[in-house]
1. Which angle between 0 and 90 degrees, to the nearest 10, do you get for helix A:525-544 versus the longest principal axis of chain A when only C-alpha atoms count?
2. I'd like the orientation of helix A:552-575 relative to chain A: the angle between its Cα long axis and the longest Cα principal axis, in ° from 0 to 90, rounded to 10.
3. What would the Debye formula give as log10 I(q)/I(0) at q = 0.08, 0.11 Å⁻¹ for the alpha-carbon point model of chain A, no solvent?
4. Taking only C-alpha pairs under 8 Å that are 6+ residues apart, what is the relative contact order of segment A:239-365 in percent?
5. Average the reciprocal distances over every distinct pair of alpha-carbons in segment A:433-568, invert the result, and give the Kirkwood radius in Å.
6. Counting other beta carbons within 10 Å of each Cβ, put A:Ser96, A:Ser115 in order, fewest first.
7. Got a sec? Charge dipole of chain A, +1 on Cβ for Lys and Arg, -1 for Asp and Glu; which of A:Phe61, A:Ala227, A:Ala9 is way out at the positive end?
8. Give me the percent relative contact order of segment A:2-86, please, defined on Cα pairs under 8 angstrom at least 6 residues apart.
Amino acid sequence: MLVLIDELAELGATSLRGTFGDEAGQRIGVASSQVADLQTASAMQLAKKLKRNPRELAEVFAAALFTHPAVARTEVAGPGFVNIHLHDAWLRDAVSQAASLRQVGTGQTVVIDYSSPNVAKPMHIAHIRSTIIGDALKRVMRAVGYTVVADNHLGDWGTQFGKLIVAYRKWLDPQAFEENPVSELLRLYVKFVELEKQQKAELGKKNQADEGDDGAAADAPPILKEARGELVKLQQGDPKNVALWKQFIDVSMHEFDRVYRRLDVNFDVVLGESFYNDQLAGTVQTLLDKGIAEESEGAIVVRFDKATDGDALPPFLIRKADGGFLYGSTDVAGLLYRVGRWNASRIIIVTDERQQLHFKQLFATGRRLGVPASMEHVWFGLMRLAEGTISTRDGNLIGLETLLDEAERRSLEVARQCNPDLTEEEAREVARVVGIGAVKYNDLSKDRTTMVTFSWDKALSLTGNTAPYLQYAYARIRSILRKASDQGISPGKVTNLEPTERILVRKLLGFDEAVEEVSKALRPHVLCEYLFELATVFSTFYNELPVLKAESDVRASRLHLCERTGEVLKHGLQLLGIGVVERM
RNA sequence: GCGCCCGUAGCUCAGCUGGAUAGAGCAUCGGCCUUCGAAGCCGGGUGUCGUAGGUUCGAAUCCUACCGGGCGCGCCA
């Protein structure tokens, strides 16, 4: 319906120019309405600016919009609303195109950086947000015509590798590593951190006894010094350390890939932090040469001020005093690479809310460098447990695979119970699609900025506003269409519109708007909300009006509505990375 | 100390670039399977939209202050 809305908005603008001159001409807002098919409130919004009575303006709009062939009648209501009623014939005609989308992204490339798990740590329930939101955005952007580069910016570099190398050499349990390498690496890491903490506490005590100089001059714990040493060796290319590091990546990727396969998440490139290593020195030098960065206390920082950057941000550290680089340097290099390699016009990075400041600093730096892309940080609220924050060090993790296993287990139980006709194989497939769908939808259907307190029952719910509800509506549609096909009945033209059918048609026509909104605002829950409303309207229609038992042309008409609804549900779910089944 | 985010029904959340009577799900209570699938449908009711001001034809939405919660602030990522 976006095309119609645009045409009406333009008609309104034209009428304004005609009546009040060019300076009045601007798009007017046309939106769906509770009391009509569409409405505009622009008369009231523009009244003050044009020094006119809002009702007078509304009359101008009402007359102008009435000239559009889709419009059956217009009326002015209240303080200056214009209600727009559409011809049933137009709706009936338009519905056949409901699933089609405008290609607003054609010719543009967008890089989406998401998932980005840390090597040597297991994926747990908090990782699902970046992964699932990023994947949905990728699918939506592609559907509206963007060329999308999905980039998994793996955390495969940094100080934790020094620690891991030390811990691996000291405490490795080879058999445990054989059986489950990543959980063994996690055990080693946690053990290291505990020892580090313990040594630090001892040092603090000793220092207090010696000097009482508040520990400022305290030495680093011996174990940490050792780790730094190994890290330096790794960075200098020491073959043994490099081999270990590569091994860590290999075993981690193996596990990540298994999860990604289950989630049906795919990347076009996997360029981890280490990929940018050889670009870091040059990147920092460029920043220095251009006068964007400066030396400060031995380190290199970018400073910001309100006048040039629009925001008084704290300094952005891009090189440590010891010459080492940080993720700030890596991320700047990443921006340059992405515009250089792919000519990206949008760069979207999906992470949790804690990194907002970092990305403000990064993007401000990018703007100073003249990065010719819109840089967007798509952040989402933290996931926590009822007991508190999820922490690798505290080890209170719920593994992502554990969650997926449980999701499939519960939906298998329900599938067997609800539909005993399914073969064992079918039931398992249903459980897989429905279970994974439920988990994904649970995350996608909330506004991404909402903080999530994890709960098994909510994450795995199969009733109400959930993916299974949408999948169920789809399965019922397929069931009807199968029966029709068996009886040799085909969908035909939409001929009549009962009130419920009219509501269904209008809802179907809102698909393009929902999808386009997601591509602009990068908020997938808008599409979830839309699909849920569509399924709700369909369910009402399904319960209220017979399809196969209606007389022939009504039957063909309703079959057509079923087919369109199924198409939009399937397409919409696919854009969220959620599958459908023919029966469940 | 500075900064970001959040506060809407018992619970979980939509609605926030200002629009008509603030909506869903869960929970709860009552109907609906000899008519296309009950993972469903229909109906019942609940709100100081955190508080107090301000902006205007109109504020859950924008502004200010305060209260409550989460997170972040140069040598980790």
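Quick note: the coordinates plus some simple rules give every number you see, no bench work behind them. The structure presented is a predicted model; accordingly, all values stated were derived computationally and were not measured. With ideal geometry, Cβ positions are generated from the backbone for all residues, glycine too; neighbour counts draw on all protein chains shown.
1. 40
2. Once rounded, one gets 20 degrees.
3. -0.71, -1.14
4. Numbers: 101 pairs, mean separation 23.0, N = 127.
Rounded, it is 18 percent for segment A:239-365.
5. Working: mean 1/r = 0.0624 Å⁻¹.
With all distinct Cα pairs of segment A:433-568 included, I get 16.0 Å.
6. In increasing order of surrounding Cβ atoms, one gets A:Ser96, A:Ser115.
7. A:Phe61
8. Over segment A:2-86, the number comes to 27 percent.
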